[in-house]
Amino acid sequence: MEDILNSILSKLDDNSLQAISQKTNASPDKAKSAMAAAIPILMNALARNSNSPQGSQSLQNAIKRDHDGSLLDNLGGFLNNPESANGAGILKHVLGNKRQNVEQYISKDSGLSGDSVSKILEMAAPLVMGYLGKKSGGGDGNALGSVINSYLNSEKKQAPKSQSVINQLLDQNNDGSIIDDIARMGMSFLKRRK
């Protein structure tokens, strides 16, 4: 199974990163780092949401309806008008009230402002959904489950520490302390693969 994170990041050439940089007021390097932190968190949140039959059906429906993966074939068009893909709406479904935790964490980890991180997350969400749409043949339930499960299995092996951090972020009860706890653990997504 190919690595989803690297697969998506590899599509972001210099022009794409420049476009993301301009939309988010972040340097191309920092934008890419924040994107690299956002994608695993979104994949984990999607995996959690699709644990229930209802959540799984709702993800399949969303992919069938809006995310066939063509966005990945026309990145330039998407990045010129990212709002058209409704990343904010996707994040509302995927992260719900955890969005603020995730933004704070990525902001602290990448050194970017919350506003920049928020925009990067809104771009990352449609990219992840487009990837899932492409890999699952447009939202086929079995294929989709298989893509998500193989992602989780490979992450547990390759990056167990970051999996534990992501679980804490997504489980957190919004008391605000998780960010400091993670910082104390010395965990940084920017260093997880080096």
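The values are calculated or read from the model by the stated rules, or taken from the named source; none is laboratory data. Note that the structure is a prediction, hence the values are computed from the model and not measured. For neighbour counting, all protein chains shown are included, and Cβ atoms are generated from backbone atoms with ideal geometry for every residue, glycine included. For accessibility, only protein heavy atoms count, side chains too; no ligands or nucleic acids. Shrake-Rupley method; radii C 1.70, N 1.55, O 1.52, S 1.80 Å.
List of remarks:
- Dipole of the stretch 83-170, positive direction: furthest Cα of 169, 137, 97, with charges on the beta-carbon: 169
- With contacts taken as Cα pairs under 8 Å at a separation of at least 6 residues, the chain carries a relative contact order of 29 percent.
- A cut-off under 11 angstrom between Cβ atoms defines the neighbours of residue 31, and their net charge, with Lys, Arg +1 and Asp, Glu -1, is +3.
- About its Cα centre, the dipole of the stretch 82-145 is roughly 120 debye, where the only charges are +1 on Lys and Arg Cβ and -1 on Asp and Glu Cβ.
- Of the residues 103, 83, the one with the largest accessible area comes first in the ranking 83, 103, computed with a 1.4 Å probe on protein heavy atoms.
- In a reduced charge model with +1 at each Lys and Arg Cβ and -1 at each Asp and Glu Cβ, the chain shows a dipole moment near 360 debye about its Cα centre.
- Formal net charge of residues neighbouring residue 74 (Cβ-Cβ distance under 15 Å; K, R +1; D, E -1): -2
- Dipole magnitude for the stretch 22-101: about 300 debye, using +1 per Lys or Arg Cβ and -1 per Asp or Glu Cβ, origin at the Cα centre.
- Inter-label distance, residue 142 to residue 13: 3.7 nm, where each label sits 7 Å from its Cα along the C-beta direction.
- 3J(HN,Hα) from dihedral phi, the stretch 139-151, Karplus parametrisation 6.51/-1.76/1.60, rounded to Hz, x for glycine, proline: x, 4, x, 5, 5, 5, x, 5, 4, 5, 5, 5, 4
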